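Data first, discussion second: the structure below is written as structure tokens.
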Amino acid sequence: MDAAEWDIPPADEVIVRCRRLFEPALREAVSALHPWSARMASFTLGWADAHGRPYEGNVGKSVRPAIALLCAEAAGADAASAVPAAVAVELVHAFSLVHDDIIDLDERRRHRPALWKAYGTGPALLAGDALLALAVAQLAGSAEAMPYLSSALMELVQGQTADMAFEDRPWRGPGAVTVDEYTEMTLGKTGGLLGAAAATGVVLGGGAELAPRMWRMGRELGVAFQLADDILGIWGDPTVTGKPADSDLRRGKKTYPVLAALATDGAAARDLAALLAAGAADDEAVRHAARLVEEAGGRAEAEALADHYLSSALDTMDACLPDAADLRALCGSLIDRIH
């Protein structure tokens with residue numbers, strides 16, 4: 001069943017409710033860091049400006065911690081039982097963004113300078129490491145939950161490595177990145193942490209027997225989420241995404257819509273390959289590349305695959321957690337933003 005057919009509360013209200021529950025614990029965890037690391041963590045989490053002054057702005061989607069809390073709740077427990085899992089996955093996510101921005105040389109994050117631009121590369125690396133160490137500490141005492149966080153960390157690193165390796169491969173022909181390879185990379189890089197959120201949430205909510213299937217659900221949801229981000233990375237509104245329009249194409253990033261377009265045989269795909277090989281740097285070339293991706297069917301295929309993975313994730317969720325209206329609302333909202 002399509003998520004739009006369910007009588008469910010707005011996803012924004014769900015996120016606000018979950019943030020109120022886990023954010024005090026997140027702030028308490030960050031306060032245990034070295035003051036310099038805590039200041040940088042507060043900046044990257046959206047609580048302070050670069051000078052440490054209180055800041056009210058975009059604190060991110062909070063999708064992963066919300067999934068952990070809602071999974072515990074749908075398993076029949078108080079959502080508060082999964083606060084350590086929520087804090088852990090949010091800290092890992094923050095760590096990954098800090099390092100990703102350094103790797104990709106992205107200078108903006110959530111409408112502000114990236115952490116490395118605000119504080120320098122070395123300090124940002126240290127802050128990212130501190131966030132990771134703090135995340136592990138949240139679940140170190142849970143023998144049933146910790147393996148899922150550990151698996152997510154391994155998959156995150158493996159996925160990021162594969163993503164970087166893709167950069168050196170050709171756009172088309174022998175050695176080109178296939179859509180299947182890209183999907184497998186996404187299962188790890190994006191799906192692993194969503195899988196950990198779902199699995200650790202049900203573990204701490206007393207439903208450990210559901211964790212393997214919820215791990216799979218989260219990974220599939222992660223693919224849908226990443227495909228939506230890939231679409232927004234080319235056609236998204238900068239006032240919403242916080243990054244320039246066509247940012248992925250401008251960087252020459254191999255994302256699913258581009259790879260799907262290049263896998264076709266038409267003139268648009270051939271023109272796109274030539275344009276990308278030459279380096280689509282100026283604004284007109286980037287806009288032309290976006291048109292060619294859409295003309296070759298890359299956008300439509302990405303949207304269809306995102307819907308497929310969301311549907312599969314929801315089917316697994318229904319089998320495990322039949323009373324999960326808020327969780328459904330949240331998951332559906334991740335894909336609704338591209339339609």
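Assorted remarks:
- Scanning residues 5 or more positions from R109 or on other chains, those with amide H under 5 Å from its amide H are A114, with H placed 1.01 Å from N in the peptide plane.
- Size of charge dipole - the chain - debye, nearest 20, with Cβ of Lys, Arg +1 and Asp, Glu -1, no other charges: 1020 debye
- Selection from S42, I15, G218, by position along the positive dipole direction of the range 3-332 (Cβ): S42
- Relative to the longest principal axis of the Cα atoms of the chain, the long axis of helix 211-235 makes an angle of roughly 40 degrees.
- Spatially near lysine pairs across the chain, Cα under 22 Å, sequence gap of 8 or more or different chains: 10
- Computed [θ] at 222 nm, deg cm²/dmol, the chain (DSSP H ≥ 4; -39,500 (n - 2.57); rounded to nearest 500): -22000 deg cm²/dmol
- Placed amide H near A48: partners under 5 Å, 5+ positions off or other chain: F43, Y55
- Spacing of the two label points (7 Å from each Cα toward its C-beta) at E144 and A50, in nm: 4.7 nm
- Simple spin-label estimate for S312 and R17 gives 3.0 nm between the two label positions (7 Å along the Cα-to-Cβ direction from each Cα).
- The range 1-124, relative contact order [Cα under 8 Å, separation at least 6], %: 22 percent
- A simple rule links phi to the HN-Hα coupling: the Karplus curve 6.51 cos²θ - 1.76 cosθ + 1.60 with θ = phi - 60°, which for the range 103-110 gives 4, 7, 6, 6, 8, 10, 8, 6 Hz, with x for Gly and Pro.
- Extension gain, D180 back to V157 (0.36 nm per residue minus Cα-Cα distance, nm): 6.4 nm
Where a number appears in this text, it was derived from the coordinates with a stated rule and is not lab data. Just so we're clear, the structure is a prediction, and the values are computed from it rather than from any experiment. Neighbour counts are summed over all protein chains in view; Cβ atoms, including those assigned to glycine, are modelled from backbone coordinates with ideal geometry.
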